[in-house]
Amino acid sequence: MNRLSLLVLVCVVLLGGCEGEKYSDLKKELNDLTKDLRGRVDPLPQVRPYEPVPYQAENEVDPFRPDRIEVAAASGSGAAASGKQPDLDRPKEPLEAYPLESIQMVGSLTQGRETFALVKAGPNLYRVKKGNYMGQNFGVITGIDEVQISLNELIQEGSGEWVERASALQLQEAKK
């Protein structure tokens, strides 16, 4: 047994001497490559002191004065006299729930003498004709051709007056 213990002891010593440091060649190369590198932090930018800007509109008309708001509300009563007002009592059509920008014209078709347009709003496809309403600005369709839908919208200005505006929806090219 003495010989066997001596043989085991010699093997352990030899194997211990062979192991050395793990990845010593990589560590040496990394130390060689990074020995000249020094960290550098850029200096912080100079902070400019706060300079207050004086308010110089004291002599101007205050846009938030209550009497100015009342004047604007009173001028809104003249809008009824101009005749351009939306019919708020009529039932809303489904396409009036969508902004005009989110509605896409995808095609047109003709049945008999009447031309229809196919529009996509949300996940649904709708067939519209002249006289239908669409968009959130009381837009009524005034004309349909192969490439566009013409509309007249009623928009309320800041003074309360309703103004008519012409808009159009262009045919969207199919994405391939």
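Bear in mind that the values in this text are calculations on the coordinates, not laboratory data. Please read these numbers as outputs of a predicted model, since none were measured by experiment. So basically every Cβ, Gly included, is an ideal-geometry build from the backbone, and we count neighbours across all protein chains shown.
The table below lists the values:
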item	result
Cα centre as origin, Lys/Arg/Asp/Glu Cβ charges: segment 92-170 dipole, Debye	360
Contact order relative to length of segment 92-170, as percent, for alpha carbon pairs under 8 angstrom and 6 or more apart	24
Long-range amide H partners of Gly143 with built H, under 5 Å	Ser150
Proximal aspartates and glutamates relative to Lys35, as straight alpha-carbon distance under 16 Å, when same-chain residues fewer than 8 apart are discounted	Asp25
Binned Cα-Cα distance frequencies in segment 92-170 - 5 Å width, integer %	3, 16, 28, 26, 14, 7, 4, 2, 0
